[in-house]
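Scroll down for the structure; my scribbles are underneath it.
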Amino acid sequence: MIKSYDYIIVGGGLIGFSIGYGLSRLGRKCLILDAHNNSIKAARGNFGLIWVQGKGADFPSYADWTLRSSELWTDFCKELEDESKINLGIQKDGGIEVCLNEEEYNDRKHKLDLLRSHQNGKFEYQMLDNKDLSKLMPGLGSEVIGGSFSSHDGHVNPLYLTKSLHSGFLKNNGTFIYDEEVSEIESSGTSFSIKTKIDRYYSSKLILSAGLGNKHLAPMVGLEQSVKPIKGQILVTQKLDKHLKYPSTLLRQTQEGSIMIGDSYEDIGENISTDPKIISKIAKRAIKILPKLESKQIVRSWSALRVMSPDGYPIYDQSETHPGAFAISCHSGVTLAAAHANDLSKYIDDGRLGNELIPFSQSRFNVS
Amino acid sequence: MKDIFDIIVIGSGPAGISTSLTAYELGLNVLVIDEQSQVGGQIYKSIAENLDGNKGFLGKDYLKGKHLYERFISSGIEHWSETSVWQITENKEVCFKRNGLTGIIKSKFIVICGGAYERAMPITGWTLPGVMSVGAAQTLLKSFSVGADNCVFVGCGPLLYLTVYQYLKAGFKVKAVLDTSRLKQLYFSIPYFFPALINFNLLWQGLRWIKYISKHTKVYKRVKNLSILGKEKAQGIEITLSNEESLKIDTQNIFLHQGIIPNTNLTMATGIKHHWSQFQYCWHPTLSLTGESSINGIYVAGDNGAIGGVNASLTSGRIVALDIGKKLKKTTSFSKLFVWLQFLKDKSLQPFLDILFQLDTKFLVPNNNNEIVCRCENVNKSEIENSIKLGISGLNQLKSYCRAGMGNCQGRLCGLTVQTIIALRQNKNLDEVGYFRLRPPTKPITIKELSSLEEYSMDKKQNIL
Amino acid sequence: MFRKLKDSRKKEIVFFFEGKKLTAFDGETIASALLRSGEIFFRESKINNYRGPYCMIGICFECLLDVDEMQSVQSCQVTVKNNMQVKRHKVSNFSL
């Protein structure tokens, strides 16, 4: 039996599943190939923010794309929840960035002003002092100078998001195969032949969404994806009564009641070990923001690797030499899920990335 | 960081005591860290309070711990009690919690002696208050002379028979013992019986317990279809007897047991290599003959390495300490010969017991789809199976899809069940399925405790000790 | 119900569970003292309403209680002290 598909998607993380879901919803026959249980998965370490504020202050196309996805999120979530019957725990009434000192506060204000000016007023935010921020975040520590609030932001359970995309993908007759590692990609001009350690699969189009794996996969279809791992560590407390209405980039309360505290930014290669000195710093910062957190127990910690490009922004590319091959790398898999399942999937199906995605090509790093 | 001690021994049960005493006698600088307030571990629990020997019902073997305890205490080995280790880092630093503070300390060698705990037995109704493990019953008896009358013991294995024996000797009324051991295992265990005869005294002792139990309480053998009754708390248990008749027993105290498994949360979170043991139906850290793990300088001794019982734990501690002593040029390998012979003797009983009481997965996977598997997050069997149906690549993805193993106990109670369900549904071997990726902190610490983290040095001693 | 055999430990310590006055023996853990007093409902749970101690060696986290200022304590690992105020652990009471 020849295993032939319209699309083969390499990588079953948030990006692969978002696009797989989007394409399968259009009636395309899709296969997602995913690696082994023990491989490094960025999707399982996601903090769960749907985040707009501050993103793309120096890259307007990214700010637009992020805002677009944020706008799509509410309908996208409803559709996913209806279809999968999984409660994603979404809250999209706004989010907070806390500033612990003058300098952080001023940088923040500068960044958001810049963003607002690019967005012609479409992006809204407020800078708040400690007193006003305390109204949004009761129990705020006195050391906090203030912070920013934006109504575009929110959060969602990233694990259930993956699960609901997975389940929706299967309902749309998608095929998911795990424990498969791609070893070779051949192209005949009109179709792709994907060789794994176990089997061989065929498709007319190919999408590479393998996170850090894209680095070695992309050259097989004449593309380049210069991504590297950036480690982030997260702490999770026991379940508490619902307390935090809004998420912030350092802490958020999940739908089950745990407080998630993160996240570090460590450029140390493919290492996912827990560094006690860094999680201790995360804990210190969390106490400054919410002093009453100090008596709460940490039930677990984890670290994951972000898929980071040289400028930190996503890379969207399609191959000139291997028509029908696309490669996508980014670290905001939750925020961009709605845009990936909707706009991006349609572009891919039309065979051409939209104009707004042209600035995201890897070629931006090759300009000397 | 500087090495402050030659060896840090984690745990002060039989293996920990024996490792530290041997190392101390070789002239090594030893620190023993233990969670409990007193040395002894689970086997010699509360030995310090039972020195007067008026708890004869606990048996002679328990009272042997008295001698070890006294040697340990009089040695003056540095011993931090009520201190838990929550991480061993990549650089082999030990992170601990004590007195509401956390610290990091380094030594030349680390010996993990975390002991064992009981495998879960998720039968219908096992989450009802009143249902406890057999080890829990024994802990209450050893520590506080506390027990429950009209209780029912369910399961099989040496710890169950010993505890029932101790219960009866102490004067508690045991309503029934529901023995789940299988007759066919008796045949399979015959080849292992002969080497086990070297420990004839222990075999004889086991037979004596069983004889005593049969004489003093009702024993039902080869029971099946166990179901604990009750809505808010345990009210009784319903079973099918070997003659296919069903029986209902009223009781509010039910003790479950299906053998013990190594406490591998710390060894796994440390990144030590493990392998699956089908014999003991659990994961074992992969160790060299002298107990060294896949990480140079980190050793595992006692039941934490593989279930072997108290005597094997004591000897394995000596072997580990002698090996470290040799590396630090404090001893020669010759002195080990006698210990090795002793170790072979102590290990020769276990294979027989492993086969005789080999786990029946019926008692690890609930037959009722609505029964809770993960107690912490209230995840039942059908939720786990539904996640498997989506196509999952292992325990980590399963955890992320249904929360099994995500709670306080970090999968200690549901891990083997989840692993077994995946293996059954995906038709895979248990070692292929793998286990949860465990992460520090392996013991809960508060945000404040974590924020206080400091490198330990001798002059800062006062702060944390 | 659990009971204690006579042994050398005598001293009785007074503590309170959900406002009710109970006694413990010197060195006894909270979980043991409660079980002896017939208290078997410890932490609140969506299934079976409450959970009680299961392992007694600090593995299972089913015996969680709020003890004085400390919330969510493994009561099988903590010794009773004079006048301790002990309550069932409920997520709804556990806030910032």
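The values are calculated or read from the model by the stated rules, or taken from the named source; none is laboratory data. Every value quoted in this text rests on a predicted model; they were computed, and no experiment measured them. Counting neighbours? That spans all protein chains shown, and the Cβs are built from the backbone with ideal geometry, glycine included. To get the accessible areas, we keep the full protein, side chains included, count just its heavy atoms, and leave off ligands, DNA and RNA. Shrake-Rupley method; radii C 1.70, N 1.55, O 1.52, S 1.80 Å.
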Cα pair distances exceeding 41 angstrom across chain A, given as percent: 12 percent
Charge context of B:I388, other residues only, Cβ under 13 angstrom, K/R +1, D/E -1: +4
Candidates A:Y202, A:Y246, A:Y178: whichever shows maximal mean-square fluctuation once chain A is modelled as a Gaussian network with Cα springs under 10 Å: A:Y178
Stretchable slack from A:S204 to A:K131, in nm (0.36 nm times residue separation minus alpha-carbon distance): 20.5 nm
With Cα atoms, 0 to 90° folded angle of helix A:276-289 axis to chain A main axis: 50 degrees
Translational diffusion of region B:120-258, µm² s⁻¹ [Kirkwood Rh, Cα pairs; Stokes-Einstein; 37 °C; 0.692 mPa s]: 210 µm²/s
Value of relative contact order over chain C, rounded to a whole percent, pairs C-alpha under 8 Å and six or more apart: 30 percent
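Could you look at chain B and say what percent of its accessible area is carbon and sulfur, using a 1.4 Å probe and all protein chains?
About 52 percent, which is the carbon plus sulfur part of the accessible surface.
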Pairwise centroid distance, computed over Cα atoms, of region B:341-363 with region A:291-368, Å: 53 Å
Accessible solvent surface per residue of region A:32-171, calculated while the other protein chains remain in place, 1.4 angstrom probe, Å²: 41 Å²
Shape metrics for the protein assembly as shown, restricted to C-alpha atoms - Rg then Dmax, Å: 29.3, 90
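Out of all DSSP beta bridges in chain A, what portion is antiparallel? Express it as a percent rounded to 5.
Numbers: 42 of 59 bridges.
Antiparallel bridges make up about 70 percent of those DSSP assigns within chain A.
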1.4 Å probe, heavy atoms, protein only - residues of region B:398-431 losing at least 40 Å² accessible area vs chain alone: B:S400, B:Y401, B:R403, B:M406, B:N408, B:L413
Shielding by partners - mean other protein chain Cβ count within 10 Å, residues of C:60-69: 4
Cysteines not pairable in chain B (beta carbon separation under 4.7 Å absent): B:C95, B:C113, B:C151, B:C156, B:C282, B:C376, B:C402, B:C409
Share antiparallel - DSSP beta bridges, region B:120-258, percent rounded to 5: 35 percent
Charge dipole (region B:120-258, unit charges on Cβ, about Cα centre) - positive-most of B:G135, B:C156, B:F193: B:F193
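Just how large is the dipole of chain A about the Cα centre, in debye to the nearest 20, putting +1 at every Lys and Arg Cβ and -1 at every Asp and Glu Cβ?
Value, rounded to 20: 800 debye.
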Modelled FRET efficiency - R0 60 Å, B:I210 with A:K242, Cβ distances, 0.05 increments: 0.65
Unsatisfied cross-links (Cα-Cα over 22 Å) in the set B:K233/C:K11; A:K29/B:K389; B:K233/C:K90; A:K277/B:K106: B:K233/C:K11
C/B buried area, accessible surface, summed, 1.4 Å probe, Å²: 3400 Å²
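Per-residue mean of other chain beta-carbon atoms within 10 angstrom of the beta-carbon, peptide A:162-171? Before the final figure, lay out the partial values.
Numbers: counts 3, 7, 1, 0, 6, 5, 0, 1, 3, 0.
Shielding by partners across A:162-171 averages 3.
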Between helix A:60-84 and chain A: long-axis angle, C-alpha atoms, 0 to 90°, nearest 10: 80 degrees
Model label zone, B:E232; criterion: amide N under 20 Å from point 7 Å along Cα-to-beta-carbon; scope region B:120-155: B:125-132
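So, by mean Cβ neighbours within 10 angstrom, what's the order for B:445-456, B:271-282, B:289-300 with the highest one leading?
B:445-456, B:289-300, B:271-282
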Computed over region A:140-267: relative contact order in percent, which uses C-alpha pairs under 8 Å that are six or more apart: 15 percent
Inter-centroid distance (Cα atoms) of region B:198-256 relative to region A:20-37, Å: 52 Å
Per residue value of the accessible surface for region C:12-89 (all protein chains in place, 1.4 Å probe), Å²: 38 Å²
Given charges at Cβ of Lys, Arg, Asp, Glu: region B:170-250 dipole, positive-most of B:Y220, B:A170, B:T180: B:A170
Förster-model FRET efficiency, 56 Å R0, A:S363 and C:N49, C-beta, rounded to 0.05: 0.35
DSSP-defined beta bridges in the protein assembly as shown - what % are antiparallel, rounded to 5: 60 percent
In nm, spacing of pseudo-spin labels at B:S246 and B:K362 (7 Å Cα→C-beta vector): 1.6 nm
Cα gyration tensor category, rounded, prolate or oblate, for region B:370-417 with a/c compared to 1.5: oblate
Region B:64-196 - charge dipole about Cα centre, Lys and Arg +1 at Cβ, Asp and Glu -1, debye rounded to 20: 220 debye
Folded to 0 to 90 degrees: helix B:381-391 orientation relative to chain B principal axis, Cα: 70 degrees
Using a Förster distance of 60 Å, the FRET efficiency for B:N427-B:L197 (Cβ separation, nearest 0.05): 0.95
Label zone at B:E454 (point 7 Å along Cα-to-Cβ), backbone N below 11 Å, region B:92-112: B:101-104
Label-point gap, in nm, between A:E102 and B:R437 - each point 7 angstrom along Cα→Cβ: 4.3 nm
Above-threshold pairs, the threshold being 24 Å between Cα atoms, out of B:K64/B:K345; B:K231/C:K4; B:K60/B:K211: B:K231/C:K4
Interface area, B with A, accessible, probe 1.4 Å, both sides summed, Å² nearest 100: 3700 Å²
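Output the relative contact order of region B:120-258, whole-number percent, from Cα pairs under 8 angstrom with separation of 6+ residues.
Working: 240 pairs, mean separation 51.9, N = 139.
Normalised by residue count, the contact order of region B:120-258 is 37 percent.
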Options B:L413, B:I445, B:N427, ranked by Cα towards positive dipole end of region B:330-465, top entry (Cβ charges): B:I445
Residues in region A:299-335 reached by a label modelled at A:N355 [backbone nitrogen below 20 Å; 7 Å Cα→Cβ]: A:316-318
Solvent accessible area, Å² - A:D153, 1.4 Å probe, full protein context: 0 Å²
